[in-house]
Amino acid sequence: MLEAEKQYIKEAKRGDKAAFGALYDHYLPQIYRFILFKVSRKAEAEDLCHEVFLSAWKNMPGYKHRGFPFSSWLYQIARNAVIDFYRTSKNNVQIELVDENSIQLVQSSQKELDTTLEMEMVRKCLSRIRPDYQDLIIMRFIEEMENSEIAAALNKSEGAIRLMQHRALKDLKDIYNQNNGTDIHEA
């Protein structure tokens, strides 16, 4: 959490651009990572991230602290933006587009390549589970959020989050094993 977050929020609610800028600078990397994991393409992730913070800025005067971190509110906005993105866009995959990460793979050592490929496999498997499970896994294991923060972002109880996490991990493991033909713990 940002050290002077409460003060920044208070000032941003009054229209202070510099205070909102401090919140933006602090939360941009994690919100961007969350969105990028969901949409997989940098350009769309950047556009959606811009929309999230623009929406947050426009709605700052109405923001009310409800006992959850400010980041939970931002994640709710991000999650809704991603849902809207998929509702309004066609799911086209352009094979001819080469991702910057793909070029870097050629220059990677074998160990880095194996790790990158494993992460890509997990990302692909993650895209095949329910969207709310995807959100939960990203928030919990990539963003390292606490269950209380995730509960606030997803509008669920902490008990429901724990149950969802168990089910999401089981589904993810099952899909991973189907794609790999082996159990994660084997090898």
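The values are calculated or read from the model by the stated rules, or taken from the named source; none is laboratory data. Every value quoted in this text rests on a predicted model; they were computed, and no experiment measured them. Here Cβ is always computed from backbone atoms with ideal geometry, including for glycine, and neighbour counts include all displayed protein chains. Ligands, DNA and RNA are stripped out before the accessible areas are found, and what is left, the full protein with its side chains, is counted by its heavy atoms. Shrake-Rupley method; radii C 1.70, N 1.55, O 1.52, S 1.80 Å.
Miscellaneous remarks
- Any chance ASN101 is at pLDDT below 70, in a loop (DSSP other than H, G, I, E, B) and either touching a strand residue (DSSP E or B) at 6+ places or on another chain (Cβ under 8 Å) or polar (S, T, N, Q) (or both): no
- Among residues of the stretch 127-158, those that are open to solvent by less than 60 Å² (accessible area, probe 1.4 Å) and modelled with pLDDT of 85 or more, counted: 18
- Sole exception among (1) open to solvent by 40 Å² or more (accessible area, probe 1.4 Å); (2) modelled with pLDDT of 85 or more; (3) hydroxyl-bearing (Ser, Thr, Tyr) for THR115, by number: (2)
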